[in-house]
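Working notes, structure below.
The values are calculated or read from the model by the stated rules, or taken from the named source; none is laboratory data. Because the structure is a prediction, the values reported are computed rather than measured. Please note: Cβ atoms are built from the backbone with ideal geometry, for glycine as well, and neighbour counts cover all protein chains shown. To get the accessible areas, we keep the full protein, side chains included, count just its heavy atoms, and leave off ligands, DNA and RNA. Shrake-Rupley method; radii C 1.70, N 1.55, O 1.52, S 1.80 Å.
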Amino acid sequence: MTLGPSITERLARARADLRMGVPVVLTAEGRGALVVAAETLSAQRLAGLRALGSPELAITAWRAETLKARAYDNDLARIAVPDGVPLAWLRAVADPADDLNAPMKGPLRSLRDGPADLHRAAILLAKSAHLLPAAVVLPVARPFALSQSGDLTLLPLADAGPELAAAPVLHPVVAARLPMQAAQAGRLHVFRPEDGGEEHYAIEIGRPDRGLPVLARLHSACFTGDVLGSLKCDCGPQLHAALAQMGAEGAGILLYLNQEGRGIGLANKMRAYSLQDQGFDTVEANHRLGFEDDERDFRLGAGLLQSLGFRAVRLLTNNPRKIAMMQANGITVTERVPLHVGRTAQNADYLATKAAKSGHLP
């Protein structure tokens with residue numbers, strides 16, 4: 001029996017460390033690197049990294065494209081950090097907030113020699129911690145000793161890589177009756193992921209027959225739309241319309257997935273909103289930040305449905321990616337039920353962009 005942390009638990013530690021600006025140590029095939037998120041790095045720790053060697057900045061290919069930097073590793077670019085540049089330079093390369101005011105960050109020198117696997121893992125870690133996808137990476141010769149002497153979390157890539165790519169494992173925590181406006185017969189199920197992430201919820205309307213396709217909605221959390229009634233998106237109206245339709249039919253299941261901002265987190269979503277105020281559309285804003293169009297993992301929804309005993313759904317959605325992800329993960333979609341509500345003057349361009357660039361259906 002061991003009391004030490006599993007790789008899942010080490011990854012949870014690493015995410016917390018990065019959010020607080022604490023470096024973690026990544027290793028692969030005898031190589032190692034100190035990694036810290038560019039967003040949370042302090043001037044003192046930057047000085048400490050420089051005392052050990054020459055740091056590099058790993059950014060995604062999307063961010064590199066904005067900065068006109070070469071992404072020799074296809075999906076990412078490794079940028080040499082010039083001697084003596086201040087912390088503000090790193091932040092400016094990582095964060096597009098002031099790109100229009102100060103477009104020239106370079107010249108940026110992209111590195112192309114050697115493997116980029118540790119840099120790639122560093123970006124994935126930063127993303128999973130809901131930080132900007134930019135990481136300061138310092139190759140080190142003795143990673144194990146450095147981890148022990150500095151009391152730093154150590155992640156072997158052979159273990160951490162598959163774990164980062166795997167679908168989160170969810171466990172039921174509690175379920176209780178919850179009468180709602182949509183239906184007096186309601187029940188809320190709470191599920192907790194093994195990786196220490198945010199909990200996800202299943203709202204059961206009525207008593208859906210597990211042997212029949214259930215009217216279902218995969219709804220990603222939207223604090224601004226669901227709670228504040230934002231006019232920039234259609235999320236709040238979609239949430240309430242889906243519940244109302246399930247109530248009218250007498251049965252349904254709504255999965256409320258905590259994947260704010262298409263999976264990038266609320267802080268990064270607000271960064272994207274700020275960029276939209278500068279004239280970029282929703283997809284362009286995500287790319288300038290270094291994210292994909294959509295970072296959500298809909299495998300979560302398939303897993304929750306299966307754990308609740310459902311195998312087939314009538315899916316309330318305009319998003320073909322949700323349908324494909326359900327089908328690929330063992331849930332049969334017998335019907336797509338369109339959901340067209342919440343169009344406003346403020347979100348017309350947003351909805352048009354989702355249709356044109358993300359393939360959302362009419």
Limited to the stretch 14-32, what total is found for residues that are in contact with a Ser or Thr (Cβ under 8 Å, 6 or more places away or on another chain) and either open to solvent by less than 10 Å² (accessible area, probe 1.4 Å) or closer than 17 Å to residue 165 by Cα (or both)?
6
Counting only helices (runs of 4 or more DSSP H) entirely within the stretch 258-299, those with at least 3 residues that are open to solvent by 40 Å² or more (accessible area, probe 1.4 Å) and not hydroxyl-bearing (Ser, Thr, Tyr) are 266-277
Just one of (1) surrounded by fewer than 15 Cβ atoms within 10 Å (Cβ to Cβ); (2) free of Cβ contacts under 8 Å to residues at least 12 places away in the same chain trips up residue 212, so point out which.
(2)
Qualifying positions in the stretch 110-144 - open to solvent by 40 Å² or more (accessible area, probe 1.4 Å), over 23 Å from residue 92 (Cβ atoms) and among the aliphatic types (A, V, I, L, M):
141
Do we have any residue at all in the stretch 194-209 that's closer than 24 Å to residue 306 by Cβ, of a type in the set (A, V, I, L, M), touching a Ser or Thr at 6+ places or on another chain (Cβ under 9 Å) and open to solvent by less than 60 Å² (accessible area, probe 1.4 Å)?
yes
As an exercise: evaluate residue 39 against (1) over 22 Å from the mean Cα position of the chain (by Cα); (2) crowded, with 21+ Cβ neighbours inside 10 Å and give the number of the one condition it does not meet.
(1)
Restricting the search to the stretch 77-95, which residues are closer than 14 Å to residue 48 by Cα and part of a helix (DSSP H, G or I)?
87
State yes or no: is residue 73 at pLDDT below 95, over 27 Å from residue 270 (Cβ atoms) and either open to solvent by 50 Å² or more (accessible area, probe 1.4 Å) or not hydroxyl-bearing (Ser, Thr, Tyr) (or both)?
no
